[in-house]
Every structure is written in structure tokens, then in C-alpha cells.
1. Within segment 86-116, how many residues are of a type outside the set (A, V, I, L, M, F, W, C), modelled with pLDDT of 80 or more and in a helix (DSSP H, G or I)?
2. Check L268, L279 and return the single one that is loosely packed, with under 14 Cβ neighbours inside 10 Å and modelled with pLDDT of 95 or more.
3. Going by what's in this entry, would R361 be described as in contact (Cβ under 8 Å) with a residue 40 or more places away in the chain and either crowded, with 21+ Cβ neighbours inside 10 Å or over 14 Å from C277 (Cα atoms) (or both)?
4. Across segment 30-69, which residue is farthest from the chain's Cα centre (by Cα) among those that are surrounded by fewer than 14 Cβ atoms within 10 Å (Cβ to Cβ), in contact (Cβ under 8 Å) with a residue 12 or more places away in the chain and in a helix (DSSP H, G or I)?
5. Give the number of residues within segment 357-384 that are in a helix (DSSP H, G or I) and more than 19 Å from L252 (Cβ to Cβ).
6. Could you pull out the residue among L82, L73 that is hydrophobic (A, V, I, L, M, F, W, C), surrounded by 12 or more Cβ atoms within 10 Å (Cβ to Cβ) and farther than 23 Å from N377 by Cα?
7. Looking at segment 312-340, which of its residues are more than 30 Å from L379 (Cβ to Cβ), touching a helix residue (DSSP H, G or I) at 6+ places or on another chain (Cβ under 9 Å) and modelled with pLDDT under 95?
8. Name the residues in segment 391-419 that are closer than 16 Å to L82 by Cα, hydrophobic (A, V, I, L, M, F, W, C) and modelled with pLDDT of 55 or more, would you?
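The values are calculated or read from the model by the stated rules, or taken from the named source; none is laboratory data. Keep in mind that what you see is a predicted model, and the values were worked out from it rather than measured. Virtual Cβ from ideal backbone geometry, glycine too; neighbours counted across all protein chains shown.
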Amino acid sequence: MKLIVAKERSFPWFGMDIGGTLVKLVYFEPKDITAEEEQEEVENLKSIRKYLTSNTAYGKTGIRDVHLELKNLTVCGRKGNLHFIRFPSCAMHRFIQMGSEKNFSSLHTTLCATGGGAYKFEEDFRMCMCIEMTIAGCRVDLHGANQPVQINTQLAQLRGGHPKHGAKGSCPNSHPPGMALHIADLQLHKLDELDCLIQGLLYVDSVGFNGQPECYYFENPADPEQCQKKPYCLDNPYPMLLVNIGSGVSVLAVYSKDNYKRVTGTSLGGGTFLGLCCLLTGCETFEEALEMAAKGDSTNVDKLVKDIYGGDYERFGLQGSAVASSFGHMMSKEKRDTTSKEDLARATLVTITNNIGSIARMCALNENIDRVVFVGNFLRINMIAMKVLAYAMDYWSKGQLKALFLEHEVFIAFLGYFGAVGALLELLKMTDDQ
């Protein structure tokens, strides 16, 4: 079996990563459409392209990250721009409803999706986007399935009918005369999220960020005044340790684009940071939590080595500024009374980040890998966390390990687009059995 690029693939080209916190969508906008193609293009496709590319916000929570747009790409022989769109996973039902309203299913296309939501929302896609009916509340067969599926009450009400009697009178368990039933050819193709993450990362790094390097590291991370971002060449990336920080954390040892293994993971990730900040500070969004953390001082919350030893612990090479006990000062009522919400947010961020850095370093040593790449939506606009990771990797490895980052993780405002890019690439491949 081998994968070959399809010579002709009908538009639109989408890839989605439906995560536990965010949905990331990439859309390829063709810029080389011929006059003949434009004339033959159906109105639904024109409407979708115009809607996605002429707006930067969709409803209250959907955002197109214009600054991340990759321009003038050549994909499968077509030239165009790659757009990056994000919205909260809790708004997924509204996205599905919008797709139904714009008759997305009539385009006879395949939607490649990765992430846990590709499984969680599969039935919603099938119900809302693959069925168009004038009567609801009837038992119908989907795609020739042996077991009939009951159209739910909500769909029946949306169509103006009654869940028991349908839109116009009673409806038996068969297709009644006059019932308009359309099973569209839209297919939701579920993909492994780690496969997509790796494929998407390698592709975006290969094309660069509009002519600029995609990968970088921080030089002199221990010195705030001298710390600078430097480009890093990832032309020969293997082996590498890939640390994906989303709601939780997965650590992968990658030996080639097709050969990797999950080394370990932890439940203490970006979701933990935001959840704890919401409990401790009353904040409601990731942006608000980061804003508070930027103003706080974690040393008012954490107990340091110098708080225990009065200075450095020289025997084991521990600096006095190292954290000995996260939130250790909070055992003291006096300390609790003088600690601000900003301090708590900063300490939460440092605690989660230090834990991830420690796990990554141990995995790198065990796997004998000196190239560690951090990705994931936890790093979105999160310069504090990146510098903590950079410092931790440099300090504990005595300068032997660098924490590597990628532009499409940081400035994206919410990351994770690599998985969506990988899903798009999968759409543009077809399987050829040998």
C-alpha cells in the first residue's frame, strides 16, 4: 500500500482538529481559478469561500488568524493561500448548524478531521449535514444501514414538525409518499491526531512562515535582558521529542515521519492551568488567566530552595531561586492573606510548566534524544510558559538541551493547527492498494 497525491480533488479543501478545548480549521483558498472554473463553480462553493475569506470573525467566538495566513502555496498543483480559523469546542454544534445552512453537504466532499471531537461529533455531522428532509420524526435508513436511526426530537422541531407525527401528519417507519429525503455524499473521515500532528508540523516547517524560519529557540533563557529568539534549522529533524501540550500532555519520540511512539503523557496540561486559575482567581478565559499571570509573582506562593536552606543547596547544585515546593507558602495563613490573585495565576502557570519541562527532560534522556520540540494550544500567546520551559531545559541539562518552538504555535493565538494541517494533507491523498 502506498499513498499518492490525487491529481484532481474537488474543492473545498478543509482540515479540522477538533480538540477538547478548541476546534482548529485550515482552509485552502485557490487563487488560480480559471474563468471556466469560476463559471462552472456552484453557488454553495462561492458562498463558503466568500464567507471564510472576507471575514476575520465568525459569530461571537470564531476567529480567523490573519497574521498566520500562509500565502502563495502550491498544493497538489494548485496555488493559493492557507487560512487558519479557530473557535471553542463548545461551539461545535453551531459550526455544524452553519454547515447545514450553507448546504455544505451538497458539495459531495470529504471532510477530514482529527482529535477526539472527530469521534464525539460524528453522529451530529451525520444527522445535521448528511440528511435534508421536509419531514422529521420518522425512522429512516442511513446510507443503507441495516439498523434504522430515529431522527431526534430537536431535528423534528427544527423542521416544524412534531416528534411523534412529523411535519404533516403521522409517519410510519418507511419513506412516505411525498417525503423529500436526500442522503448527501459528505463523508467525515476520522484520522489519528498524532499522525496528523506530525505530518502537519513537518509540512508547515518545510514551507516556512512566508519565507521566514518556522522553528526557533531562546538564547540565554536565564537572563531576561539578554534572552533572544533565534532561528533553528529543522531540515534534519530526526530523531526528535515532540511534546504536545493541549488540555493534557502527550510526549512522542519521532524517528521518521512514519515511525514514532508515544513515550508518556500527563493529565496536567493547559486544561489544568485554566481550570485551576478559574477556581483560584475567578477568571473565565485563557487570555484573562495569562494577563493575570503576567502581573503576578510566583515566589509569593511557591517555597524556594533559599526559603529552606537560606541560599543555594550547593551539594546538589540547586540554586536558591529553584522551586522547592510549588504553592508551599500557602500553608501559612499570613502568606495567604498577602497573596494576590495575580500571584496565584503566575504560580499555577509556573507549576504546570515546570512539571512539563521536567517530564520532557527525563524522556529526552531516556530516549537519548537531544532535540525537543514543544507544541500545543497551551503555548498560544504564552511567552511566559515558553521562557520557563526554555530555562528549565537549559538549566537541568547544563546547556545540552534546547527547548524548540514553532511560529504557528505561538502567534496563533490558539494553537494546534498542525493537526488540522495534517488532516488537510490527508484529504489530498488517496490510497492505492498494491
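1. 3
2. Details: L268 fails: loosely packed, with under 14 Cβ neighbours inside 10 Å.
Residue meeting the stated conditions: L279.
3. Values: in contact (Cβ under 8 Å) with a residue 40 or more places away in the chain: yes; either crowded, with 21+ Cβ neighbours inside 10 Å or over 14 Å from C277 (Cα atoms) (or both): yes.
Here the answer is yes, as R361 does meet what is asked.
4. The qualifying residue farthest from the chain's Cα centre (by Cα) is S47.
5. Here is the first cut: in segment 357-384, the ones in a helix (DSSP H, G or I) are 357-367, 377-379, 383-384.
Those still in the list that are more than 19 Å from L252 (Cβ to Cβ) too: 383-384.
Selection size over segment 357-384: 2.
6. Values: L82 fails: farther than 23 Å from N377 by Cα.
One residue alone meets the criteria, L73.
7. D312, Y313
8. If we filter segment 391-419 for residues that are closer than 16 Å to L82 by Cα, which is where we start, we get 407-409, 411-412, 415-419.
Then drop every residue that is not hydrophobic (A, V, I, L, M, F, W, C), which leaves 411-412, 415, 418.
Hit for segment 391-419 is F418, nothing else.
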